[in-house]
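The values are calculated or read from the model by the stated rules, or taken from the named source; none is laboratory data. Note that the structure is a prediction, hence the values are computed from the model and not measured. Reconstructed Cβ throughout: ideal geometry from the backbone, glycine too, with neighbour counts over all protein chains shown.
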Amino acid sequence: MLGRRNQTKRLQKLGETDSQDHHLLEMVLRAVVLTGPLATVPQIVEIWFIDKSGAGVSFLSWGFYTLLSLVWITYRIIRKDKLILYTNIMWAIGEILIMLGAAAFDNDWL
């Protein structure tokens, strides 16, 4: 019986470690969720404010990225996963701004 108690205690400690690792992973994911979509900001600034040109920007590629983000947004609304929902909304906004800039400043964006 004593061996079983020790085994239970070891498993409880293991669960605590897993919980701590899970918490650390959650913190890292929150940082990624908030900073990942910021990767589109330099492209948006270049298109809208610096070059005022969509040259070299593939409207079809960014349109596809936006479509994928909208699918993820729909899925996350259904699953009620706010963390991933917010990041997909931010990605979609960035992607749409890039597409609008490409379309606004270049006639041959396809």
| What about I89, is it within 17 Å of the chain's Cα centre (by Cα), without any contact (Cβ under 8 Å) to a residue 12 or more places away in the chain, surrounded by fewer than 18 Cβ atoms within 10 Å (Cβ to Cβ) and part of a helix (DSSP H, G or I)? | no
| Within the set of pairs 6+ apart or on separate chains, which have a first residue in region 62-80 that is in contact (Cβ under 8 Å) with a residue 24 or more places away in the chain, a second that is among the acidic types (D, E), and C-beta atoms under 7 Å apart? | W62/E95; Y65/E95; T66/E95; S69/E95
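Just name the residue that is nearest to the chain's Cα centre (by Cα) out of those in region 53-82 that are polar (S, T, N, Q), within 17 Å of G94 (Cβ to Cβ) and in a helix (DSSP H, G or I).
By that ranking, first place goes to S69.
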| Does D21 meet the test of being charged (D, E, K, R) and either at pLDDT 85 or above or over 16 Å from the mean Cα position of the chain (by Cα) (or both)? | yes
| Output for region 23-38, where each listed residue is of a type in the set (D, E, K, R) and touching a residue at least 12 places away in the same chain (Cβ under 8 Å) | R30
| message | Please go through region 33-52 and give me each residue that is assigned to a helix (DSSP H, G or I), at pLDDT 85 or above and either of a type in the set (A, V, I, L, M) or over 16 Å from the mean Cα position of the chain (by Cα) (or both), ordered by number. | response | L38, A39, V41, P42, Q43, I44, V45, E46, I47, W48, F49, I50
| query | Do you know which of the residues in region 53-72 that are β-branched (V, I, T) and modelled with pLDDT of 90 or more is surrounded by the most Cβ atoms within 10 Å (Cβ to Cβ)? | reply | T66
